[in-house]
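Visitor: Just dropping this structure here.
Any read-out appearing in this document is the output of simple, stated calculations on the displayed coordinates, not a laboratory observation. Computed from a predicted structure; not experimentally measured. Here Cβ is always computed from backbone atoms with ideal geometry, including for glycine, and neighbour counts include all displayed protein chains.
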Amino acid sequence: MIDTSYDAILDVDACMPGMTTRWISNYMPEMHDRGTVKWQSNVEKHRGYISTHRNDASYSALYAATEDVFVKQKEGKANGPVTETIYKLPSVDKNLLENFLTARNQGLLFGKSDIDPKTGKPTIVDPQTNRPIIMSDGIIEQVEAFASKYCYNKLTKSVLDTAIKVLSEKAAKPIGNKYLFICNETGWYQIQDLLENKLAQYHTDGTVFWSMKAGQYVTVGAPGFDTYRWGGNEVTFKVDRTFSREYGYEKGYFLCLDLTADKTSAQPPIAMFTLKGGNMISNTLEGVGKEDGLSSGLVASPVAATQKIIWGYAGVAVFNPYRSYIIREI
């Protein structure tokens, strides 16, 4: 009890067992000899894992000799002539790389862990070799467990402002934050309509809505909106077709993340973990004809074919999943 007299009494209705209180400050006597620290940030620890992703591609020697992809790139400098550079990229390499990046990126985004928290062992194994398969939680799974959620029937400015308010309440400071809203294509088009209507309320007739070149037709329409500022904070919108495939094209979906870095430790809000040098590993098993299908030399297989492998280790951590928000249309 803190009072200037001894007349104050304790309100027992506000001090029942199980209730919580709030730390305000501390005071010390003269010749004090010890002080304690009150942690004012989140000190929880969340367990994560690093998974292995691998993609293989095999092709025959004849395929290698006839299936190159040629990419042309034009470049002009100042008022000089335009030059054209041709790059050769085997379609197998291109397809293999795209498949590996897709598997890894979608795993880091939508993956779900199969690790039993009691035993620390995976619940899924290779049925042929009985080798454990370690799967880790992706960004969505980590965020959904702790993030605030909001459902809407129609996307309005109030929905965006509510999301910014909630994120700012959990941020280290109320202003100067940078938020990223990743959305599916439906959500992206809803944002375009919303912000275009908001801009139209100011009755602007600037070139943001129309322009006319000499002797040509009038061009009408805004080029698009990808940033929204409100209350001293900035929101950047990013459309991702992966979200459209996962959550559909009929209703909007937004994953809202606070990307403001920790000013004290410079720790990013989201980070990928891997082993040193194990981010992406490429190996080739050459057969007769080697990689291009027409070369001589030592080979590792008597088959007139080549096998290429890309694999690597990856895991992701959302360091403060509480500073996230999910908006979904119902």
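Visitor: Mind scanning K45/K170; K112/K178; K157/K251; K112/K154; K38/K173; K45/K178 and naming the pairs with a C-alpha gap bigger than 22 Å?
Guide: Checking Cα-Cα distances, K112/K178; K112/K154; K45/K178 exceed 22 Å.
Visitor: Only Lys, Arg, Asp and Glu count, each charged at its Cβ (+1, +1, -1, -1), so figure out the dipole size of region 258-330 about its Cα centre, rounded to 20 debye.
Guide: For region 258-330, the charge dipole is close to 200 debye.
Visitor: At most 12 other Cβ atoms within 10 Å and a DSSP loop assignment: could you name the trypsin sites (Lys or Arg not before Pro) in region 105-173 that fit?
Guide: Loop-located and lightly packed - K112, K118, K154.
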